[in-house]
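J.: Here it is: the structure, laid out below.
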Amino acid sequence: MGIYSSLVEIVGKDRVSNSAADLYLYSRDSGAQPPGRADYVVLPKTAEEVQKIVRLAGSEDIPITPLGGGLALSALVVPQRGGIVLDMKRMDRILEVDEMNRYAVIEAGVSQGALREYLKKNHPRLQHSTPEAPPTATVTANTLIQGHGHISPRYGVNSDMIGGMEVVLPTGEITRIGSCALDRKWFTRGPMPELAGLFVGWYGTTGIVTKISIKLFPKPAFREVMVFQTDDIDLLPEAIFEVMYLDLAEDFFLITQEKPDWMNHAFLVVIVSGHFKEEIDFKKKVYKDLFKQFKGRKTIQFVEDLHPALEKRFLDVPPLAALAADFRQGGGFQYTGAILPIDKVPEAWRKGIEIAHRYGMICSYVHQVLLGNSIMFGFNYSFNRADETDIEKAQMALADSNRVTLELGGMIWKGEKPAQQMVLEKMDPNTAELIKRVKGLLDPKGIMNPGNWERE
Ligand SMILES: Cc1cc2nc3c(=O)[nH]c(=O)nc-3n(C[C@H](O)[C@H](O)[C@H](O)COP(=O)(O)OP(=O)(O)OC[C@H]3O[C@@H](n4cnc5c(N)ncnc54)[C@H](O)[C@@H]3O)c2cc1C
């Protein structure tokens with residue numbers, strides 16, 4: 001039997017395609033990386049279907065590329081060597097919300113928007129850490145790529161929020177990780193050997209996660225935004241340190257854009273939240289006082305007349321901070337997500353402006369402060385996807401900002417293939433060898449998202 005017929009036998013005709021139109025769409029994403037080649041698209045509904053697909057792929061030596069929302073933008077879901085794109089979106093059930101123990105168990109295709117709306121309606125006192133990504137991004141893939149959400153400055157990156165997992169291994173076994181491997185509660189992934197780490201940060205090269213338990217957090221009744229502005233970039237590390245040291249912010253991000261002129265400053269956006277109005281008033285006063293005479297100077301100012309439209313966008317969950325991005329005609333967008341130490345912010349800021357100007361772009365940044373000791377520093381590039389030259393410029397700008405990130409001692413988050421090559425080259429050879437060995441152990445046939453996390 002041919003591959004297509006075997007796939008139909010597993011999931012039914014409606015959930016397999018090899019039509020040219022579908023394959024075109026599944027062979028690319030909206031970032032600046034070149035397209036790949038999908039041969040089949042399959043949308044499983046159960047872990048057992050995933051298991052059968054994986055076994056088929058293993059016996060036929062066909063690559064599998066898992067796909068969530070496809071919004072990581074760095075071609076992590078673009079098949080490098082053909083094969084099956086496994087679109088997880090039909091696995092979209094929210095299986096359980098345990099209010100008392102504050103977690104939700106969901107299937108891998110549940111989107112950010114779906115979980116957010118479900119919680120709002122059924123568990124209004126709880127929330128999950130929501131990235132600024134479009135609402136169709138999946139909760140699972142976001143945790144697997146070590147994403148971050150609107151409460152990350154307070155509670156940690158989203159991979160820290162995994163309480164358990166169900167994974168189909170590349171060899172076909174269905175495995176459980178965390179307390180759900182022992183009992184029916186999915187409340188914690190330890191204490192036991194940290195197996196979740198075998199699937200977090202691997203870009204789908206070690207297995208297919210079919211269910212996940214995600215931690216939920218209190219949802220305070222009141223939230224307000226405060227915006228401060230400065231032109232003294234060198235003050236930013238200390239300003240970030242002090243805001244985080246006070247430990248009163250729910251979210252904290254920095255934005256800037258060269259155009260329009262009114263945005264050409266560094267804006268520090270601090271979201272404060274609380275269960276009581278008095279708590280909010282107190283927090284706001286503390287932050288206002290902090291910047292009144294910051295380091296004996298008046299160089300960081302409170303923005304008194306924040307436009308109501310901006311206030312609403314910042315307060316939305318997730319916030320629309322990417323409004324600072326220079327979105328252009330043609331819809332292309334990609335960024336180097338540099339995870340940097342706080343003290344490197346001014347240098348990265350200046351170098352980012354140089355890079356943008358080198359390729360005829362205006363500079364726009366969105367940075368989220370993570371837990372106080374690092375920042376997700378987004379070197380944003382938008383481009384026209386119908387213009388080859390524009391795409392090339394974006395690729396070169398990405399290469400330059402990836403290089404700068406590594407020179408500054410940073411890490412590249414969700415890097416595209418050339419970025420992964422740079423990281424592997426710089427990495428301690430024993431670490432790179434360990435990555436290779438773990439991959440080989442879990443995926444002896446090399447069928448899982450090949451081309452990623454491997455040296456050319
Ligand atoms: C405007 C904009 C703003 C953004 N802001 C943020 C932000 O604030 N925070 C943030 O974290 N991200 C942000 N992102 C980046 C990205 O969109 C998100 O991280 C998103 O959650 C990725 O999820 P996805 O479902 O689209 O993943 P995909 O792109 O579909 O997949 C990402 C990786 O995970 C693998 N994968 C997918 N599903 C599985 C599975 N079930 N098992 C194993 N591997 C799997 C894929 O193969 C791929 O390697 C933003 C993107 C845009 C466009």
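J.: Taking only segment 103-140 into account, find how many residues are aliphatic (A, V, I, L, M) and at pLDDT below 95. Give the steps one after another, and end with the answer.
T.: As a first pass, look at segment 103-140 and keep what is aliphatic (A, V, I, L, M): 104-106, 108, 110, 114-115, 119, 126, 133, 137, 139.
Still in the list and also at pLDDT below 95: 133.
Of the residues in that region, 1 qualify.
J.: Of the residues in segment 262-291, how many are touching a strand residue (DSSP E or B) at 6+ places or on another chain (Cβ under 6 Å) and polar (S, T, N, Q)?
T.: 1
J.: Can I ask one more? Can you tell me which of (1) open to solvent by less than 20 Å² (accessible area, probe 1.4 Å); (2) under 25 Å from Val85 (Cα atoms) is the one Lys417 doesn't meet?
T.: The number of the failed condition is (1).
J.: Is it true that some residue in segment 34-41 is in contact (Cβ under 8 Å) with a residue 12 or more places away in the chain, within 12 Å of the ligand (Cβ to nearest atom), open to solvent by 70 Å² or more (accessible area, probe 1.4 Å) and within 21 Å of the chain's Cα centre (by Cα)?
T.: no
J.: Test Leu76 against the criterion of being in the same structural domain as Asn158 (by TED's automatic domain parsing) and touching a residue at least 60 places away in the same chain (Cβ under 8 Å), and give yes or no.
T.: Details: in the same structural domain as Asn158 (by TED's automatic domain parsing): no; touching a residue at least 60 places away in the same chain (Cβ under 8 Å): yes.
In short, no.
J.: Tell me, which residue of segment 387-415 that is among the basic types (Lys, Arg) and away from the ligand (no atom under 16 Å from the Cβ) is nearest to the chain's Cα centre (by Cα)? Can you show your working first?
T.: Step one: filter segment 387-415 for residues among the basic types (Lys, Arg), giving 393, 403, 414.
Narrowing the set further to residues that are away from the ligand (no atom under 16 Å from the Cβ) leaves 393, 403.
Values: Lys393: 24, Arg403: 20 Å.
By that ranking, first place goes to Arg403.
J.: Let me ask something else. Suppose the filter is over 20 Å from Val157 (Cα atoms) and assigned by TED's automatic domain parsing to the domain that holds Ile177; does Glu117 pass it?
T.: yes
J.: Then there is this: Name the residues in segment 296-319 that are surrounded by fewer than 16 Cβ atoms within 10 Å (Cβ to Cβ) and modelled with pLDDT under 80, would you?
T.: Gly296, Arg297, Lys298, Ala309 - these are the residues of segment 296-319 that are surrounded by fewer than 16 Cβ atoms within 10 Å (Cβ to Cβ) and modelled with pLDDT under 80.
J.: Ok, one more. Quick one: what pairs do we get from segment 354-377, first residue within 27 Å of Glu392 (Cα to Cα), second part of a loop (DSSP other than H, G, I, E, B) and β-branched (Val, Ile, Thr), C-beta under 7 Å, 6+ apart or different chains?
T.: From residues that are within 27 Å of Glu392 (Cα to Cα), the pairs are Ala356/Ile362.
J.: Go through segment 73-82 residue by residue and tally those that are more than 21 Å from Gly147 (Cβ to Cβ) and crowded, with 24+ Cβ neighbours inside 10 Å. So that I can check it myself, show each step before the final result.
T.: Step one: list which residues in segment 73-82 are more than 21 Å from Gly147 (Cβ to Cβ), which gives 79-82.
Filter once more, so that each one left must be crowded, with 24+ Cβ neighbours inside 10 Å: 79.
Of the residues in segment 73-82, 1 are more than 21 Å from Gly147 (Cβ to Cβ) and crowded, with 24+ Cβ neighbours inside 10 Å.
J.: Right, another one. In segment 114-137, which residue that is open to solvent by 10 Å² or more (accessible area, probe 1.4 Å) and part of a helix (DSSP H, G or I) is nearest to Asn101 (Cα to Cα)?
T.: Among residues in segment 114-137 that are open to solvent by 10 Å² or more (accessible area, probe 1.4 Å) and part of a helix (DSSP H, G or I), the one nearest to Asn101 (Cα to Cα) is Asn122.
J.: While we're looking at this one, here's another question. Could you list, in sequence order, all residues of segment 285-295 that are touching a helix residue (DSSP H, G or I) at 6+ places or on another chain (Cβ under 9 Å), more than 12 Å from Leu248 (Cβ to Cβ) and either at pLDDT 90 or above or open to solvent by less than 60 Å² (accessible area, probe 1.4 Å) (or both)?
T.: Applying the first criterion (touching a helix residue (DSSP H, G or I) at 6+ places or on another chain (Cβ under 9 Å)) to segment 285-295 yields 286-287, 290-291, 294-295.
So of that shortlist, the ones also more than 12 Å from Leu248 (Cβ to Cβ) come out as 291, 294-295.
Listed by number, the residues that qualify are Phe291, Phe294.
J.: Would you mention how many residues in segment 138-187 are open to solvent by less than 10 Å² (accessible area, probe 1.4 Å), near the ligand (Cβ under 9 Å from one of its atoms) and in a loop (DSSP other than H, G, I, E, B)?
T.: Summing the residues that are open to solvent by less than 10 Å² (accessible area, probe 1.4 Å), near the ligand (Cβ under 9 Å from one of its atoms) and in a loop (DSSP other than H, G, I, E, B) in segment 138-187 gives 3.
J.: From the list Asn384, Asn373, exactly one residue is surrounded by fewer than 17 Cβ atoms within 10 Å (Cβ to Cβ), within 19 Å of His148 (Cα to Cα) and more than 18 Å from the chain's Cα centre (by Cα). Which is it? Before the answer, list the steps.
T.: Details: Asn384 fails: within 19 Å of His148 (Cα to Cα).
Testing whether each residue is surrounded by fewer than 17 Cβ atoms within 10 Å (Cβ to Cβ), within 19 Å of His148 (Cα to Cα) and more than 18 Å from the chain's Cα centre (by Cα) leaves just Asn373.
J.: Now for a separate question. Among the residues of segment 96-113, which ones are surrounded by fewer than 23 Cβ atoms within 10 Å (Cβ to Cβ), of a type in the set (A, V, I, L, M, F, W, C) and over 17 Å from Arg184 (Cβ atoms)?
T.: The answer is none; no residue qualifies.
J.: Which of the following residues is surrounded by fewer than 17 Cβ atoms within 10 Å (Cβ to Cβ), of a type in the set (D, E, K, R) and either assigned by TED's automatic domain parsing to the domain that holds Glu166 or out of contact with any Phe, Trp or Tyr (no Cβ under 6 Å at 6 or more places or on another chain) (or both): Glu60, Glu49?
T.: Values: Glu49 fails: surrounded by fewer than 17 Cβ atoms within 10 Å (Cβ to Cβ).
Being surrounded by fewer than 17 Cβ atoms within 10 Å (Cβ to Cβ), of a type in the set (D, E, K, R) and either assigned by TED's automatic domain parsing to the domain that holds Glu166 or out of contact with any Phe, Trp or Tyr (no Cβ under 6 Å at 6 or more places or on another chain) (or both) holds for just one of Glu60, Glu49, which is Glu60.
The values are calculated or read from the model by the stated rules, or taken from the named source; none is laboratory data. Values in this document were obtained by computation on a predicted structure and should not be read as measured data. Neighbour counts run over all protein chains shown; Cβ positions are idealised from the backbone, glycine included. Only protein heavy atoms, including side chains, enter the accessible area calculation; ligands, DNA and RNA are left aside. Shrake-Rupley method; radii C 1.70, N 1.55, O 1.52, S 1.80 Å.
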